[in-house]
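Shown next, in structure tokens, is the structure this report addresses.
The values are calculated or read from the model by the stated rules, or taken from the named source; none is laboratory data. These figures come from a predicted structure and were not determined experimentally. Cβ placement follows ideal geometry from the backbone for every residue including glycine, while neighbour counts extend to all protein chains displayed.
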Amino acid sequence: MTGSSMDDIKKQIRDAIQMDYVVPEDIPDIELYMDQVTTFMEQHMQHNKRSPEDKILTKTMINNYTKNHLLPPPEKKKYTKDHIILMLYTYYLKNFLSIGDIQTLLTPMIDSYYGMPASSETSLTNIYEMVVDLAKHQYQYDKKNIFETYELVHQKLTDDKLQEVSVSNTAASDTPDDPSDEYLHDFLFVAMLSYDIYLKTQLVEKIIGDMAPLAESINEKEEKKQKVQKSSITESAKKPRTSGKPSTDNRINKQKSKEHNHHSKK
């Protein structure tokens, strides 16, 4: 990062970390087909692209999310507001978590809160609103922390350079700028930011690991439920179908009964 002053650098940082998210009121309350969902995500998340060729969400991604139980199946090929909220969570989480960890994190949410009316305090809409509100406060904290990290790196390099100049008895004004200084500064800045991400990722993985038994229990219940449903369908298929018409044996027996009664009358 280059700049003639710390203010220039901070402006570059602010521009790079602009908070971009879908506000709750922009998520449609009506159900959408898959094409409409991908269009919606593309329109509202395009600023998150690193390059114009990147895709925010594709049909294949949506199908894979459903296959991996990150999303409940669509209802008559339509996706609800709850579906879109879960897709937004997955979009952000997949940048640093495995699909397995995301599944563990979202399974209890889908099991307990998916499909609840929006008026409920624990509906997915209200939970998403809480996430967005907290994220606004967290953004200000993280932005301040990033500025402090940059200044820490800058101060470290400045102090080391002054020590080096002092040892060599060379005036700072006489020391030519080293073209590698900018690279070294950016490298150290990236290293410190990455260290911060690494620590937080470790904590996130620990928390999700503690959630695993709950997610596994929910998955086991769902598997048993599906087995019961399949067994019921299989048993129903095995039962002979009865039509409105009498069977051949019944018709023969009725005919014999009629003939017997006819002879008896004679």
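Miscellaneous remarks
- Tabulated pairs, region 41-52, first closer than 15 Å to Leu88 by Cβ, second surrounded by fewer than 15 Cβ atoms within 10 Å (Cβ to Cβ), C-beta under 8 angstrom, 6+ apart or interchain: Glu42/Lys55; His44/Asp26; Met45/Asp20; His47/Gln18; His47/Asp20; Asn48/Asp20
- Taking the listed residues Tyr79, Tyr33, the one that is crowded, with 17+ Cβ neighbours inside 10 Å and touching a residue at least 40 places away in the same chain (Cβ under 8 Å) is Tyr79, with no other qualifying.
- Within region 156-205, considering residues that are surrounded by 10 or more Cβ atoms within 10 Å (Cβ to Cβ) and in a loop (DSSP other than H, G, I, E, B), the one modelled with the lowest pLDDT: Thr175
- Of the helices (runs of 4 or more DSSP H) contained entirely in region 1-68, those carrying at least 3 residues that are over 18 Å from the mean Cα position of the chain (by Cα) fall at 6-16.
- Criterion applied to Tyr79, Tyr91 was being out of contact with any strand residue (DSSP E or B) (no Cβ under 7 Å at 6 or more places or on another chain) and of a type outside the set (Val, Ile, Thr), and the one residue passing it is Tyr91.
Table: residues versus (1) in contact with a helix residue (DSSP H, G or I) (Cβ under 7 Å, 6 or more places away or on another chain); (2) outside the structural domain of Ser120 (by TED's automatic domain parsing); (3) modelled with pLDDT under 95.
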| residue | (1), (2), (3) |
| --- | --- |
| Met1 | yes, yes, yes |
| Met6 | no, yes, yes |
| Gln12 | no, yes, yes |
| Ala16 | no, yes, yes |
| Asp29 | yes, no, yes |
| Glu42 | no, no, yes |
| Gln46 | no, no, yes |
| Thr80 | no, no, no |
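- Remark: pairs (first residue in region 130-153, under 21 Å from Ser194 (Cβ atoms); second residue among the acidic types (Asp, Glu); Cβ separation under 8 Å; 6+ apart in sequence or on different chains) = Asn145/Asp196; Thr149/Asp196.
- Residues (touching a residue at least 40 places away in the same chain (Cβ under 8 Å) and farther than 19 Å from His69 by Cα) located in region 213-237: none
- Restricting region 126-147 to residues that are at pLDDT below 95 and hydroxyl-bearing (Ser, Thr, Tyr) leaves a set whose member that is surrounded by the fewest Cβ atoms within 10 Å (Cβ to Cβ) is Tyr141.
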